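Each remark here refers to the structure printed beneath this line.
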Amino acid sequence: MVRKKTKTKAKRRPKAKSRRRNTRRRSTSRFAAFAPFSRAAAELSVFAFTGLVIFAAIFAYFASDLPDTAELWREGDGPKITLLAADGAPIMMHGVSHGAPVKLASLPRHVPNAVLAVEDRNFYHHFGVNPVSIVRALIVNANEGSVRQGGSTITQQLAKNVFLSGERTMKRKIQELMLSLWLEHKFRKDEILTLYLNRVYFGAGAYGIDGASYRYFGKSASKLTVGEAAVLAGLLKAPSRYSPTSNPDDAGKRGRLVIEQMVTAGFLTRREANAAIAEPVLLATPRFEAAPYFIDHVMREARTLSQSVDADLIIRTTFDPKVQAAAETGLVAGLAISGDGLENIEGAVVVMDREGAVRAMIGGRDYGRSQYNRATQAKRQPGSAFKPFVYLAAMSRGEMADSTIIDAPVQIGKWSPGNYKDKFYGEVTLREALARSLNSAAIRLQERVGRSYVRETARNMGWSESLNPGPSLALGVDEISPLNLAAAYVPFANGGFQVVPHVIDRIETADGDIIFRRTGTIISEAASPSAIAATNDMMLSVTEWGTGKAAKIPGYKVAGKTGTSQNSRDAWFAGHAGGLVGVVWLGHDNNEPMDGITGGRAPAIIWREMMARALPPPVYVMPEKAQDPIAALLQSSG
């Protein structure tokens, strides 16, 4: 039995060995069958890894000098600070207009739809790059033999406009694609479209939909009609060619094409499109470009008020384009009317309202030649333009316009000033003394009232500079800037309240956070209403029959005063009418004398030409009964 079992086992071993050999043969044959695939997979893996390394190297090369995207809202052509005029319109800075940032929700739907219809109809359905558009553009361009159609999406255009230069290179195009994918990953579609509408260039120096709307139509983008939106959208392809100001026919045809595209895209019905085409598109008169002197002054003030906030800022200023245009035109016209001898003389102008808001500013005759702002930085002697403060002090002490004073040679110590051309009038009323700008009478009145009280009165009115204690105080020998003199004259226009001269009303970030908001401009009562009214009444005589006759504006009550410093080094006219206060200064920067120029000549003429244009046309009304003197003075004829 044992042998039998042993024999049986001996017979079975060869079979197991044979099975193992067969299994090995089958496995080897299977491996041999899959060997080509294994080698291919290995080679493919090596190839893929090599490709990834090469792609990473290419990516690193093109990404090495990509711009920083951390501050997207602060990059690109738009400035970090947006300036707005008093009415909310963007101020065009040196020929460039950047509109206030607008949110997509604040725009009529047809505004973004017009842009989408012609620039990127599938904007909400692609991932930043539209392969179909690219292929279609390649086919069209190949058939035409030149670049006729672009394949860029709005996202790609935003990436190019915000981050990249306009050079046509493969590297720039690849970077554009990379940034487009990043934008699509980082932002929602509406955010991308908002960025695009606020940054894209619409020609004529206008960036952003709001800046373009004001540039061409004189209103906010939130008020654009379908036709106006179509014209603006049509500009994006070729801003110069389709400019409505220089090529109205082409702009109109392009606008109609945009409307048709909006119909095709389903953004408009045929009835709506026909109505939009039938409605005329009217261009606005080009808005005046803000005087660079005003902008410079705003920027200096903003640096202080913004407290070094590191964010995009929107600054609402007190600027009035209409008043600024009137000042610019008035300066040119006034100099021309005044005659020869003024070619090399510098000038400065400031116009304020009754609350001290600066509506216009001219700091020199040529900003390109000199950026020195004479309206704010130059301190000059106002001469007789200081005298209203002397007479106001007298009115506050109980004097009256009909009170008399002696106009005759006067000597205080060794000082013995004279009148203009050494002409004296003897006993005169205070009204006549001010109207004729009699020096000796003003000095006598000052001594009668008290110099310290005159100084106190001037400071209460807003005189911001030092005042000397000597008798020459009455003749305006203490220097002041045109801006601060205008501020000191404002109480004459508002009934007797000292104000803060200012050019900024509000500063906020692009996200809407308030950095600064002006809450009030009245400092205190400068003088009693009766004293203000009495002094104004005498200042009316200056322009009616006194030294300032050239400043008279038909239909308006003009209360003002001429000023001429010694040897005609400075010539001034300061006054108010219709709620506006204006100051005009002429002189040489080196303080050299001017040949025969006085405040009653060129400055008064400039003031008249400026204010007549800035004020609305007067309406003549026959008063039914006597009015309160203050109300009568503050109320313009209009």
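The values are calculated or read from the model by the stated rules, or taken from the named source; none is laboratory data. The shown structure was predicted, so the numbers you read here are calculated from the model rather than taken from an experiment. FYI the Cβ positions are ideal-geometry reconstructions off the backbone, even for glycines, and counts take in every protein chain you see.
Things worth noting here:
- Selection from region 566-616 of residues that are under 33 Å from the mean Cα position of the chain (by Cα), part of a loop (DSSP other than H, G, I, E, B) and of a type in the set (A, V, I, L, M): 615
- Candidates in region 208-238 are the residues that are assigned to a helix (DSSP H, G or I) and in contact with a Gly (Cβ under 6 Å, 6 or more places away or on another chain); of these, the one that is nearest to residue 102 (Cα to Cα) is 210.
- For region 374-385, the tally of residues that are more than 18 Å from residue 606 (Cβ to Cβ) and not β-branched (Val, Ile, Thr) stands at 3.
- Selection count where residues are charged (D, E, K, R) and surrounded by fewer than 17 Cβ atoms within 10 Å (Cβ to Cβ), scope region 415-451: 6
- In the set (1) in a helix (DSSP H, G or I); (2) charged (D, E, K, R); (3) touching a residue at least 60 places away in the same chain (Cβ under 8 Å), residue 316 fails one condition alone, (1).
- Segments classed as helices (runs of 4 or more DSSP H), wholly inside region 393-474, with at least 3 members that are within 44 Å of the chain's Cα centre (by Cα): 430-435, 451-461
- Against the criterion of being within 25 Å of residue 515 (Cα to Cα), touching a residue at least 60 places away in the same chain (Cβ under 8 Å) and in the same structural domain as residue 521 (by TED's automatic domain parsing), residue 355 qualifies.
- Every pair of residues 6+ apart whose Cβ atoms lie under 9 Å, when the first sits in region 327-345 and is under 18 Å from residue 595 (Cβ atoms) while the second is of a type in the set (Gly, Ala, Ser) and in a loop (DSSP other than H, G, I, E, B): 341/596
- Qualifying residue in region 574-586 (condition: modelled with pLDDT under 95, assigned by TED's automatic domain parsing to the domain that holds residue 341 and over 24 Å from residue 392 (Cα atoms)): no
- Output for region 172-200, where each listed residue is of a type outside the set (S, T, N, Q), within 17 Å of residue 101 (Cβ to Cβ) and buried (at least 20 other Cβ atoms within 10 Å of the Cβ): 192, 193, 195, 196, 197, 199, 200
- Any hit, region 192-206, residues being modelled with pLDDT under 95, among the charged types (D, E, K, R) and within 27 Å of the chain's Cα centre (by Cα): yes
- Count of residues meeting criterion [in contact with a Ser or Thr (Cβ under 8 Å, 6 or more places away or on another chain) and among the hydroxyl-bearing types (Ser, Thr, Tyr)] in region 370-427: 7
- Only one of 158, 164 that is modelled with pLDDT of 60 or more, crowded, with 17+ Cβ neighbours inside 10 Å, assigned by TED's automatic domain parsing to the domain that holds residue 103 and under 32 Å from the mean Cα position of the chain (by Cα): 158
- The residues on offer are 467, 475, and the sole one that is touching a residue at least 60 places away in the same chain (Cβ under 8 Å), of a type in the set (A, V, I, L, M), in contact with a helix residue (DSSP H, G or I) (Cβ under 7 Å, 6 or more places away or on another chain) and over 23 Å from residue 358 (Cα atoms) is 475.
- Within region 517-533, residues that are in a strand (DSSP E or B) sit with their Cβ atoms under 9 Å from residues that are surrounded by 14 or more Cβ atoms within 10 Å (Cβ to Cβ) and among the aromatic types (Phe, Trp, Tyr), at 6+ positions apart or across chains, in these pairs: 522/497; 523/497; 524/497; 525/497.
- Within region 297-331, restricting attention to residues that are within 19 Å of residue 367 (Cα to Cα) and at pLDDT below 90, the residue that is nearest to the chain's Cα centre (by Cα) is 299.
- For region 248-307, the helices (runs of 4 or more DSSP H) that sit wholly inside it and include 3 or more residues that are surrounded by 20 or more Cβ atoms within 10 Å (Cβ to Cβ) are 248-264, 292-305.
- Of residues in region 359-384 being more than 30 Å from residue 443 (Cα to Cα) and among the hydrophobic types (A, V, I, L, M, F, W, C), the one surrounded by the fewest Cβ atoms within 10 Å (Cβ to Cβ): 362
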